[in-house]
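The next block holds one structure in the form of structure tokens; read it before the comments.
The values are calculated or read from the model by the stated rules, or taken from the named source; none is laboratory data. Quick caveat: nothing in here was measured; it's all calculated off a predicted structure. Note: ideal-geometry Cβ built from the backbone for every residue, glycine included; neighbour counts use all protein chains shown. Accessible surface areas use protein heavy atoms only, side chains included; no ligands, DNA or RNA. Shrake-Rupley method; radii C 1.70, N 1.55, O 1.52, S 1.80 Å.
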Amino acid sequence: MLNEALKKVIAGGELTESESAAMVEALANGENPTAAAGLLTALSLRGESVSEMTGAAGFLRNRMTGVDAGDCSDIVGTGGDGGRSFNISTTASFVAAGAGVRMAKHGNRAVSGKCGAADVLEELGVKLNDTPESLAQSIKDNGIAFLFARNLHPVMAKVALLRRDLGIRTVFNLVGPLANPAHATHMVVGVYNERLVLPFAEVLRNLGVRNGFVVHSEDGLDEISSLAVTHAAALSPDDICEITIDPKELLDDPALCNGTLAGGDKTENARILMDILSGRDRTAKRGAVLLNAAAIICAAGLGNSIQECIPLAEKSIDSGAALDKLRSISA
């Protein structure tokens, strides 16, 4: 199968959803390593299509260990900013949960950066090895749980060696964030390149996500930035439309658009997260968290626009609700 798929891609064709799913199955089974490496490389050089991403993500979702928590939301990114920023999405997840959104935060350890979601949460005392049943109960009882990708995606474990040996970004970097084990129906997804914004929104729609945003900022982040304009696709049941998010128009306090979004190792990023959730940080870091939290709050239906949801995010932090959500899942 892999040889035929490779020939098709080299000839300029696109894999169908079913062909892409079959490709991932063959890769997970360790078939034909030479063709596997060539196919992943060819797809990466050309850029994966909507059907290819949909098929690959669909296969991962069919084979993952599910978390049955009902209607829930996620905010996640593909990575690719070189680890320059702190854990914005992870911090925003607690803020959204404090505002009343049921969060199934999906994430992993760092791959391209210094500190992934799992790294910083482990530093803060969050257990990474809870059972799917415990995770579902935490979402229902606490309004949030962390779904550690490594524990819930056996297919990703099977292709880990191939990905490591290749040492390049592949389709798995793209579709991993799309395979939320709780089948989140409201999502904010950050991508590493602006060209992926609209295609990712189409993939989300194909996978059954009802509302959400796909985002990429002009300063290169797979997040909504408080320091630069962010290009986004807004997904609703009826439409996908392109929008721009200008932090200076949405954030009233100029201090929230000044400073740095830089992070560090897990110890430094844990300190940053705590400074934001405790209300001590009033800089661009808080601004970025407010914007991203407001986006998922909006996607979950608690407001009609990102701007309308910013006060809900502010209240979540300033009331202590966001910090309480972190404490509810920490040891």
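On a per residue basis, the convex hull of the C-alpha atoms belonging to the range 91-200 measures out at 124 Å³. Once the Cα atoms are used to define both axes, helix 266-277 deviates from the longest principal axis of the chain by about 50 degrees. Across the range 120-129, computed HN-Hα scalar couplings (Karplus, 6.51 cos²θ - 1.76 cosθ + 1.60, θ = phi - 60°) run 6, 6, 4, 4, 8, x, 7, 6, 9, 10 Hz from first to last residue, x flagging Gly and Pro.
Convex hull of alpha carbon positions in the chain: directionally averaged projected area 14.7 nm². Over the range 33-122, all Cα pairs binned in 10 Å intervals from 0 give whole-percent P(r) values of 13, 33, 38, 14, 2, listed from short to long.
Of the peptides 157-163, 38-44, the order by per-residue mean of other Cβ atoms within 10 Å, starting with the highest, comes out as 38-44, 157-163. Taking 7 Å steps out from each Cα toward its Cβ at E308 and T267 produces label points 4.6 nm apart.
Taken over the alpha carbons of the range 230-270 as equal point scatterers, the Debye sum produces base-10 log I(q)/I(0) values at 0.15, 0.30, 0.32, 0.34 Å⁻¹ of -0.64, -0.97, -1.02, -1.07. Given that compact globular proteins tend to follow 2.2 N^0.38 Å, what is the ratio of the alpha-carbon Rg of the range 238-321 to that value? Here the Cα radius of gyration is 1.14 times the empirical estimate.
Working note: Cα gyration tensor of the range 168-307, eigenvalues times five, square-rooted, sorted largest first, giving semi-axes of 25, 18, 15 Å. Rolling a 1.4 Å probe over the heavy atoms of the protein chains gives the range 274-331 an accessible area of 39 Å² per residue.
Between R164 and T34, the C-beta separation translates, for a Förster distance of 25 Å, into a calculated FRET efficiency of about 0.90. Alpha carbon centre of the range 117-155 versus the range 289-331: separation in Å? What the calculation gives is 19 Å, centre to centre.
Cross-link reach is defined here as a Cα-Cα straight distance under 13 Å, omitting same-chain residues fewer than 8 places apart; for K140 the aspartates and glutamates meeting it are D68, D71.
Summarised in one figure, the compactness ratio Rg/Rh of the range 154-228, Cα atoms and Kirkwood Rh, is 1.01. Over the chain, what relative contact order in percent results from Cα pairs under 8 Å that are six or more residues apart? Result for the chain is 22 percent. Rounded to the nearest Hz, the phi-derived 3J(HN,Hα) couplings of the range 221-236 under the Karplus curve 6.51 cos²θ - 1.76 cosθ + 1.60 (θ = phi - 60°) are 8, 8, 8, 7, 8, 8, 10, 7, 5, 10, 8, 9, 10, 9, 9, 10, where x marks glycine and proline. When you work out D = kT/(6 pi eta Rh) for the range 191-240 at 4 °C and 1.567 mPa s, using the Kirkwood radius from C-alpha pairs as Rh and the Stokes-Einstein form, the result is 119 µm²/s. Taking the alpha-carbon distance from K8 and a cut-off under 29 Å, which lysines remain once sequence neighbours fewer than 8 residues away in the same chain are dropped? Within the straight-line limit of under 29 Å, K8 reaches these lysines: K158. The angle between the Cα long axis of helix 88-98 and the main principal axis of the chain comes to about 60°, on a 0 to 90 degree scale.
Against the chain, whose longest principal axis comes from its Cα atoms, helix 50-63 is set at around 80 degrees.
Report, to the nearest whole %, how much of the accessible area of the range 117-255 belongs to carbon and sulfur atoms, 1.4 Å probe, protein only. That fraction is 46 percent.
The loop-placed GluC sites (Glu not before Pro) in the range 1-34, going by DSSP, that have at most 14 neighbouring Cβ atoms within 10 Å of their Cβ come out as E31. Note on the range 131-264: dipole from Cβ charges, positive end direction compared against L178, F200, G212; the farthest Cα belongs to L178. For the pair D68 and N193, label points projected 7 Å from Cα toward Cβ lie 4.0 nm apart. Taking 27 Å as the straight-line reach from the Cα of K248, the lysines in range (excluding those fewer than 8 positions away in the same chain) are K285, K315. Label-to-label distance for K114 and S330 is 2.1 nm, based on points extended 7 Å past Cα in the beta-carbon direction.
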